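Engineer: My questions will all concern the structure given below.
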Amino acid sequence: MLGTDLWLLVVAGGPLILLLAMVYVLLTRRRRSLVERRESDRATEHLYREQEDQ
């Protein structure tokens, strides 16, 4: 009986914990503002230009 219960915990509990972690991340992740996105895009373009110059 103990082996069966442990197996059920592993098989059902593992995906459940993973699902809860994914939901937590989706609910708590911070979205970047428009200014932050523009600055990030500019920095990326700058890095690509530097790379092309080399």
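Engineer: Just to be sure, is ARG49 surrounded by fewer than 10 Cβ atoms within 10 Å (Cβ to Cβ), out of contact with any strand residue (DSSP E or B) (no Cβ under 8 Å at 6 or more places or on another chain), of a type outside the set (Val, Ile, Thr) and in a loop (DSSP other than H, G, I, E, B)?
Structural biologist: No: the conditions fail for ARG49.
Engineer: Restricting attention to the range 26-42, report how many residues are small (Gly, Ala, Ser) and surrounded by fewer than 10 Cβ atoms within 10 Å (Cβ to Cβ).
Structural biologist: The number of residues fulfilling the criteria is 1.
Engineer: Taking the range 1-46, which residues are over 25 Å from the mean Cα position of the chain (by Cα) and either modelled with pLDDT of 90 or more or not in a helix (DSSP H, G or I) (or both)?
Structural biologist: MET1, HIS46, listed by residue number.
The values are calculated or read from the model by the stated rules, or taken from the named source; none is laboratory data. Since the model is a prediction, treat every value here as computed from it, not as a measurement. Ideal geometry is used to build each Cβ from the backbone, glycine not excepted, and the neighbour counts take in all protein chains shown.
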